[in-house]
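Contents: one structure, followed by commentary.
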């Protein structure tokens with residue numbers, strides 16, 4: 001991507017900041033976090049230069065996720081502290097961006113070991129996204145992500161039935177929209193969340209079947225060496241290896 005950016009005579013100056021942020025998101029998905037941090041930071045800087053509030057907000061939310069992945073929870077929290085007042089100044093209170101903010105807050109709380117706060121924020125994210133989906137507005141994709149994340153938090157809190165229900169709900173929605181024969185990291189993560197929840201319920205055969213589906217999706221979408229692909233493969237052969 002860097003070489004593609006540099007082909008233009010003006011170099012990266014001609015590249016839209018949203019393209020930089022979207023590329024950073026793809027790099028994050030592949031666990032190339034330092035590179036993702038670099039592109040997200042440049043997208044953020046260009047967003048500031050152009051006054052593009054949408055880019056700024058998305059870049060800050062993405063950087064919060066990247067820093068959490070790098071183990072820097074303090075800097076992740078700083079990104080969320082910066083983005084929240086920006087969102088409240090520029091967006092209506094029911095905007096999907098606030099659900100994304102709550103979901104990031106949930107993941108930070110989960111990383112800190114505060115399961116109660118994590119679940120509270122995860123519930124907020126789902127509650128904010130659901131009316132938008134029901135009204136036919138933007139949010140369907142986000143709701144599925146939030147449900148998978150909440151499933152994982154619920155499982156950590158020992159809420160096995162709720163974790164299974166959220167994973168199944170996300171999976172059903174994703175399957176309904178997925179073109180036949182395509183592979184998706186989102187489908188893979190939903191299958192993996194379901195496999196873990198089923199295993200916690202003692203449903204070993206069902207857990208292995210879900211894990212095999214997760215491994216197939218993740219391997220084709222993210223590659224055979226991706227951490228989530230490896231986790232799915234382990235679970236597909238031995239449900240105790242979560």
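All of the numbers you see were taken from the coordinates with simple rules; none came from a lab. A quick note: this is a predicted structure, and the numbers were derived from the prediction, not measured. Neighbour counts run over all protein chains shown; Cβ positions are idealised from the backbone, glycine included.
Summary table below
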| read-out | value |
| --- | --- |
| Three-way shape label, the chain, alpha-carbon gyration tensor, a/c 1.5 | prolate |
| Rounded if a/c under 1.5, otherwise prolate or oblate - segment 158-242, Cα gyration tensor axes | oblate |
| Per-residue [θ]222 nm for the chain (sum of -39500 (n - 2.57) over DSSP H runs n ≥ 4, rounded to 500) | -26000 deg cm²/dmol |
| Whole-Å distance, taken between Cα centres, linking segment 143-180 and segment 25-100 | 24 |
| Length-normalised contact order of segment 1-87 in % [C-alpha pairs under 8 Å, at least 6 apart] | 22 |
| Residue 178-residue 111 pseudo-label distance in nm [points 7 Å out on the Cα-to-Cβ vector] | 2.7 |
| Computed label-point distance, nm, for sites residue 82 and residue 165 using a 7 Å Cα→Cβ extension | 3.9 |
| Gain in span if fully extended, residue 53 to residue 127, counting 0.36 nm per residue against the direct Cα distance | 24.2 nm |
| FRET efficiency estimate (nearest 0.05) - Cβ-Cβ, residue 38 to residue 94, R0 25 angstrom | 0.15 |
| Principal-axis tilt of helix 204-222 within the chain, Cα atoms, nearest 10 degrees | 20 |
